[in-house]
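What follows is calculated from the coordinates using simple rules that are stated; it is not laboratory data. This one's a predicted model, so the numbers in the text were calculated from it and none came from an experiment. Neighbour counts run over all protein chains shown; Cβ positions are idealised from the backbone, glycine included.
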Amino acid sequence: MDLDGQVAVVTGGASGIGWAIARDFAAAGAKVAIADIDEERARTAAREIADTGATAVGLPVDVSSRAAVTGLFAAVDAQLGPVDILVNNAGISVDRGVRRITDEEWDRTQAINQTGVFLCSQAAAGSMIPRRTGRIINIASRAWLGWYGQLAYATSKGGVVSATRSLAIELAKYGITVNCLAPGLIDTPLLRREPQEVMDRLLTAQPMGTIGAPADVAWAAHYFAGPASRAVTGQVMYVCGGKSLYAQPARG
């Protein structure tokens, strides 16, 4: 129970990677706030964790809205206490080539994936700095290194990596660590929406030729959240089946 009594906020926590992280943290003793734009799913996920005997609440949030983020952290503080761990997991993916992506798609991707990290980290830091302790874990993507048709997504996730490094430098003197996870192909509802021909191309380019599980990312997040990583900050950990090293060319 190495997270016993810690208050953790997981954005986008009602499904996929966020849900796996929330369950893992709760099993390790944390009190978890599952924050999601889908309030009903967040509350349902929290009830499932509570049924195991752990402590969890489901709360609504649009991470691109300052008012919503302020309301989220006020609710967490009132219901669970000041935040000790923040997981910036909420995100969207838009696959469009440079000639097809719209202004609206570009702006929405940056607002959720980048501005959301800024707003939530700022709110969490305001609580963590006076107590001189805290963990911030940002979920980027292997895609930040670049990939076909992912200009908006890769740009937003590259911003998450840069934000991680800058936050780590600024917050280190307060005993707060800031690290980043960069998943590759992970079996989530977002990935399952891809057509089979897209999945075939993705798997062909994957050195290990496999799809990871949300639990694989959750284990990595647990390391960054727990005491074993107290001397680690500003780092990017890939959970990507080797695709961060190289991507195999399409086979004929």
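Between the Cα long axis of helix 214-225 and the first principal axis of the chain there is an angle of about 50°, rounded to the nearest 10. Within straight-line reach of residue 31, meaning a Cα separation under 15 Å, sit the following aspartates and glutamates at least 8 residues removed in sequence or on another chain: 2, 4, 48, 51, 77, 84. Summing charges over neighbours of residue 70, with a neighbour being any other residue whose Cβ is under 14 Å away from its Cβ, gives -1 when K and R count +1 and D and E count -1.
Can you give me the angle between helix 66-79 and the longest principal axis of the chain, using Cα atoms only, in degrees from 0 to 90, rounded to the nearest 10? Once rounded, the angle reads 50 degrees.
One chain, two ends: residue 201 and residue 27. Fully extended at 0.36 nm per residue, the span grows by 59.0 nm beyond their Cα-Cα distance. Quick check: the angle from helix 151-171's long axis to the longest principal axis of the chain, C-alpha only, nearest 10 degrees? Approximately 30 degrees, to the nearest 10. Highest-first packing order for the peptide set 116-128, 170-182 is 116-128, 170-182, based on the mean count of other beta carbon atoms within 10 Å. Protection proxy ranking for 203-214, 4-15, 96-107, 59-70, using the average of other Cβ atoms within 10 Å per residue and placing the highest first: 4-15, 59-70, 203-214, 96-107.
Take the Cα of residue 194, go 7 Å toward its beta carbon, and the backbone nitrogen atoms of region 127-148 under 14 Å from that spot belong to 141-144, 146-148. Using R0 = 30 Å, the C-beta based FRET efficiency linking residue 65 and residue 235 works out to 0.55.
Check the straight Cα-Cα distances from residue 243 and name the lysines below 28 Å, setting aside those fewer than 8 residues away within the same chain. List returned: 157. Backbone N atoms of region 214-228 closer than 15 Å to the 7 Å Cα→Cβ label point of residue 187 belong to residues 214-218. Stretching the chain fully between residue 132 and residue 74 yields a gain of 19.0 nm (0.36 nm per residue, less the alpha carbon separation).
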